[in-house]
Amino acid sequence: MADRVTVIGWDGSPLTAAARSALGAATLVAGAAHHLELPEVPEAAERIRLGSVALAARRIANHRGTAVVLADGDPGFFGVVRTLRAPEFGLEVEVVPAVSSVAAAFARAGMPWDDAQVVVAHPRTLRRAVNVCRAHTKVAVLTSPGAGPAELGLLLEGVHRTFVICEELGTAREQVTILTSDKAADHTWRDPNVVIVIGGFVAAAEDGGWIAGRDPAQGLRGWGLPAAAYGGALGEGETDLLRAAQLARLGPRVGDLVWDIGSGSGAFATEAARTGAAVIAVDRSPGACARTEGSARRFGVQMQIVHGTAPHVLENLPEPDVVRVGGGGAAVVSAVADRRPQRIVTHAATRDEAELVGRDLTEHGYEVECALIQSVELDTRAWTEKERSVAFLLSGRLPDRAP
């Protein structure tokens, strides 16, 4: 095992005295090509071109001597330190940090970033990173080959965002480009790069806050909020208790894409967006679309609103993780099930309708649960009944998909 392992962050500025001292004593140096060309790297040291960090960690673990790993930005922020410290390698490391590429990108843009979400995009996580960009007004995306600005722009189709693309930060080839998301696919971008994605219904707060990133559940406390929170009467299937039960069955989370079909007042779509998930709200009524947009603006959440009739309007929408069907009945539920989201939730007014929907979900391979939900609102001054609601709540879960 190496006698000493030092991880040095590099942001293009001159190396610190601690970094130069560690490099001067190194018998093995791992890093990218531009790191290994630094004049401070000893000529006699073994050099490892850093591709797979895990492979480099194995070689370092078997090395007798002093090892240094060079990495762009802060190596403890989505960097190599996590891999090097993994139990299978048994490495204890010292870290000499540098300015992270995210901090550098926001500095180049002249913007604060304590209210930004930060995500890593590679081909496996690209879709979830895009969903975060849909759901939040300020996101920094650490990209990778095959999951860069062009791919982000293509997957954000229908959602207007501004990209600040920072290429090769800290090098002589550094370049910062500002353009709209729909133009990103028209260019070829150099790796590595950081993309700042900004825009949405409301601008990110400029007065700071108490937690890094943006808290989407700001405003009124709780879920299944009463009709008054959405400006008045709600439609069938939008009662507060039914809405809360639907939200609980779907369990939307950051990185998910939620479809709300038959959005009505926008109550469910808004509450799903408050969890941090991306939301596409669909309704055939222009008035419902306007009410949904109003609800989103009132709560300061982001969503894409699509005017059209399901199931036809669903054909060109991006793949959902979870779906609420608030209108359209069994035909829409069947069309949604064809797209294989992890979870589907809907409601029915009669037992016959509930049986039809449940049978269709079962035939699509979903595990189905059904509950009869009855709520009675009482006037506690006289303990008299004010309003009664009864509905069948149906939910389907694909057993072969991630929970």
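Points to keep in mind about this one:
- If you go through region 119-150 and pick out every residue that is crowded, with 21+ Cβ neighbours inside 10 Å and closer than 20 Å to ASP191 by Cβ, you end up with 14.
- Every listed requirement among (1) in contact (Cβ under 8 Å) with a residue 60 or more places away in the chain; (2) outside any helix (DSSP H, G or I); (3) open to solvent by 30 Å² or more (accessible area, probe 1.4 Å) is met by PRO87 save one, (1).
- Residues that are closer than 19 Å to VAL41 by Cβ and open to solvent by 20 Å² or more (accessible area, probe 1.4 Å) within region 65-79 comprise THR66, ASP72, listed in sequence order.
- Being touching a strand residue (DSSP E or B) at 6+ places or on another chain (Cβ under 8 Å), farther than 28 Å from VAL164 by Cβ and surrounded by 14 or more Cβ atoms within 10 Å (Cβ to Cβ) holds for only one residue in ALA116, ALA98, ALA22, and it is ALA22.
- Residue satisfying all of: in region 387-403; open to solvent by 80 Å² or more (accessible area, probe 1.4 Å) and not in a loop (DSSP other than H, G, I, E, B); modelled with the lowest pLDDT among these: GLU387
- Options GLY294, GLY224; residue that is in contact (Cβ under 8 Å) with a residue 40 or more places away in the chain, out of contact with any Ser or Thr (no Cβ under 8 Å at 6 or more places or on another chain) and assigned to a loop (DSSP other than H, G, I, E, B): GLY224
- The residues in region 245-264 that are open to solvent by less than 10 Å² (accessible area, probe 1.4 Å) and not hydrophobic (A, V, I, L, M, F, W, C) can be counted, and the count is 5.
- Against the test of being under 23 Å from GLN302 (Cα atoms) and among the charged types (D, E, K, R), the options GLU174, GLU151, GLU168 yield a single qualifying residue, GLU151.
- Residues that are in contact with a His (Cβ under 8 Å, 6 or more places away or on another chain) and either in contact (Cβ under 8 Å) with a residue 12 or more places away in the chain or under 26 Å from ASN316 (Cα atoms) (or both) number at least 1 in the following helices (runs of 4 or more DSSP H) confined to region 90-175: 149-155.
The values are calculated or read from the model by the stated rules, or taken from the named source; none is laboratory data. Predicted model, so just to flag it, every value in this text is computed and none were measured. A quick note on method: Cβ atoms are made from the backbone with ideal geometry, for glycine too, and the neighbour counts reach across all protein chains shown. Ligands, DNA and RNA are stripped out before the accessible areas are found, and what is left, the full protein with its side chains, is counted by its heavy atoms. Shrake-Rupley method; radii C 1.70, N 1.55, O 1.52, S 1.80 Å.
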